[in-house]
Amino acid sequence: VITVENFMAAYKGASTIRFYHSPDQLKRVELKNAVFKPTPTHTAHTSIIANCESIRTNNIESVGTTGSAIHIRYSYDVIANDTRPLKAAAVGSGQGYGIQLFGVSKFTVNSVKGSGMRHVYDQDSAYFGIIRDISDDDDKSAPVGLAHNGFTGYILCENIQVTTSQYPVVLSEQGYGGTVPALKQ
């Protein structure tokens, strides 16, 4: 049964609704009480969860990652609590992210305390979410990225505390670039 409700914007021929099916889809996935410390030669995400339903992460620390500390894609019903991405090994384009959601619907992200990250929280094509209690005491770019290369909608952000001289929360021009002002709003 597939039900699509409410308005979601698309631009540049991109679809806002994608349906993925895996005959081996995992449900009730948990990642908890973990510390990731990749070697200096590791150049990918420290954890990836894809095509799952009912994902729970709790008490995750990542030190020195090049990619994302937690990367979740094409999934539904995500709750991420108490994540500490610290001192990214690299903070260039596509590097040094804390929690990164891509193609995720229905999510809550609570208590992300970063230090020295490019984006302590980043999302792309993620809808119907709550992002609360985000901090980075040494952020290297905009700490919270909404719609990194795509779109977003129905997002509530609460209690974002950062030190950046840039924007603490950004809606990237990469996804919305070229759209009319009404769509960006």
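For this structure, a couple of remarks:
- Taking every protein chain into account, the 1.4 Å probe leaves His45 with about 50 Å² of accessible area, to the nearest ten.
- Apolar share of the accessible surface for region 55-173: 50 percent from carbon plus sulfur atoms, 1.4 Å probe.
- Think of each Lys and Arg Cβ as +1 and each Asp and Glu Cβ as -1; about the Cα centre, that makes the dipole of region 41-87 roughly 160 debye.
- Estimated inter-spin distance, Asn58 and Lys87, nm [label 7 Å along Cα→Cβ]: 2.8
- Full-extension gain in nm, Thr39 to Leu156, via 0.36 nm per residue minus C-alpha separation: 38.6 nm
- Model label points for Arg28 and Arg132, set 7 angstrom from Cα along the Cα-to-Cβ axis, are 2.6 nm apart.
- Excluding ligands, DNA and RNA, the accessible surface per residue across region 55-168 is 35 Å² with a 1.4 Å probe.
The values are calculated or read from the model by the stated rules, or taken from the named source; none is laboratory data. Being a predicted model, the structure only gives us computed values, none of them experimental. Every residue, glycine among them, receives a Cβ derived from its backbone with ideal geometry; neighbour counts consider all protein chains shown. Side chains included, ligands, DNA and RNA excluded: accessible areas come from the protein's heavy atoms. Shrake-Rupley method; radii C 1.70, N 1.55, O 1.52, S 1.80 Å.
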